[in-house]
Amino acid sequence: MPLALTPRLLRRGLELFAVISLAGVVGLLFYGNNFRAFIGALVGLHWGWLLLGLGLASMDWIGGGTRLWVVARHVRPGVRLRDMILAGGMSAWAAYLTPFQTGAGPMMMWTMKRGGVRLPEAVTSTFMTFVATVVFFAIAGPLAIYFGAGKSLARHHVVLGITYYGLFRTSLTIFGVLGVLMLFAMIFPVWLRDAVHWLATRLEGRSRRIASRIGQLRAGIDRAHECMVAFGSPQGWLALFWCVLLSGPSHANKLLAGYAALRAVGIPANFVDILLLQTFITFLLYFAPTPGASGLAELLSAAVMSIYVPREITAGYIIIWRFINSYVTVITGSLLFWHWLRRGLVGREERVAADAEG
């Protein structure tokens, strides 16, 4: 695995996430220029909607874990749902602490291995959930624009003359390229296997560590190939279809956080309109370069939702919105991971990806 997730790296990611997010909120406080209104919005919260938001926040774990279970059980019969829920939640946690969400895959595979899933099966299952995510947003993003998410945003710019439409096209291009690569991998798994074997052979001559484990590595490549072939069957395509559908619930905290946050601060709004805007925001931020899209998420959401949120309570809305779509998972995942550290289940400088290979 290319990424080594050590506790130190994750701690730095958490620090960056916290500092940049805090800077974004402080900036929005100055933007609102009405501290009394900000405090009033937080004191007067509608707690029922906030509790609903807590339920939505759990979908990082329950929704993400359920869709992982759907694909994992196709190649690993008997895999337990509770283990996949844990893997789904910890994957989301690591995604929020790493740029471009690069920590999601290694953490998911590492947690799956802890639950008894072998690495080749974990790799294939993780790949399939990513395929489902790409398909879901490649469909949902353009649909959100088609049904009107972009009409009210035409006059808005993010910074330096960059338009929302420009960001949309960039994200759509990334999703399109990834979609083509994934489609190629699924249609021609033999070619993919041969390419990985060729790469392993090249690395064997350059790395003593890989050379000493080349037999195990090649066996893993062949097993991953078998898993990819298994998804080429009708049952495999059906599992992937359900995985795509379950991508909606697994991202419910992101797609519905805006509406819950608006109602929590006492702002009524059309549910469908807000859902479209939140889909649009999630689509744009999926490949953000900062941990958890910190900074960018606060500013982009504030600009987009300025159509509905009064300027003076924007910071309050953003805090509730971020609490639902990321803060709860970041806090829960951090407590759980450092609990594992204290129990000795994770070495203090353990390479998560390297451990998954063992």
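Where a number appears in this text, it was derived from the coordinates with a stated rule and is not lab data. Given the structure is predicted, the values throughout are model-derived calculations rather than measurements. Note that each Cβ is placed from the backbone with ideal geometry, even for glycine, and that neighbours are counted across all protein chains shown.
In the neighborhood of Arg118, defined by Cβ-to-Cβ distances under 10 Å, what is the net charge if each Lys or Arg adds +1 and each Asp or Glu adds -1?
Residues near Arg118 contribute +2 overall.
So what are the radius of gyration and Dmax for the Cα set of the chain, in Å?
According to the Cα coordinates of the chain, Rg and Dmax are 21.1, 66 Å.
Considering the chain as a Gaussian network with a 10 Å cut-off on Cα pairs, which listed residue, Leu277, Leu45, Leu181, attains the greatest mean-square fluctuation?
Checking each option, the largest mean-square fluctuation is seen for Leu181.
I need the semi-axes of the equivalent ellipsoid of segment 1-130: take the C-alpha gyration tensor, multiply each eigenvalue by 5, square-root it, list largest first in whole angstrom.
On the way: eigenvalues 249, 75, 18 Å².
For segment 1-130, the ellipsoid semi-axes come out as 35, 19, 10 Å.
Please give the contour-minus-distance gain from Ile307 to Val26: 0.36 nm per residue of separation, less the Cα-Cα distance, rounded to one decimal in nm.
Gain on extension, Ile307 to Val26, equals 99.1 nm.
Once you've got the GNM for the chain with C-alpha springs shorter than 10 Å, pick whichever of Pro234, Pro291, Pro249 has the biggest mean-square fluctuation.
Pro234
Give the relative contact order (percent, whole number) for the chain; include only Cα pairs under 8 Å separated by 6+ residues.
Result for the chain is 36 percent.
Given a Förster distance of 35 angstrom, what is the FRET efficiency for Trp237 paired with Asn270, based on the Cβ-Cβ distance and rounded to 0.05? Please list the in-between numbers first.
Working: r = 36 Å, r/R0 = 1.03.
Once the sixth-power term is evaluated, E becomes 0.45.
Using a simple spin-label model with points 7 Å from Cα along the Cα→Cβ vector, what separation in nm is obtained for Asn33 and Arg82?
Here the answer is 5.5 nm between the modelled labels.
So how far apart, in nm, are the two label points at Arg342 and Phe100 if each is 7 Å from Cα heading toward Cβ?
Those two pseudo-labels are separated by 3.6 nm.
Calculate the FRET efficiency for Ile187 and Leu45 from the Cβ-Cβ distance with a Förster distance of 45 Å, rounded to the nearest 0.05. Could the numbers behind the result be given before it?
On the way: r = 50 Å, r/R0 = 1.12.
So the FRET efficiency works out to roughly 0.35.
So which residue, out of Phe35, Phe137, Phe287, gets the largest mean-square fluctuation from a GNM of the chain using Cα contacts under 10 Å as springs?
Phe35
Which whole-Hz couplings ³J(HN,Hα) result when phi for each residue of segment 258-275 is put into the Karplus expression 6.51 cos²θ - 1.76 cosθ + 1.60, θ = phi - 60°, listed in order with x for Gly and Pro?
x, 5, 4, 5, 4, 5, 5, 8, x, 10, x, 7, 6, 4, 5, 4, 5, 4
Karplus couplings for segment 219-230 from phi (6.51 cos²θ - 1.76 cosθ + 1.60, θ = phi - 60°), rounded to Hz, Gly and Pro as x?
Calculated HN-Hα couplings, in order: 5, x, 4, 5, 5, 4, 4, 4, 5, 4, 4, 4 Hz.
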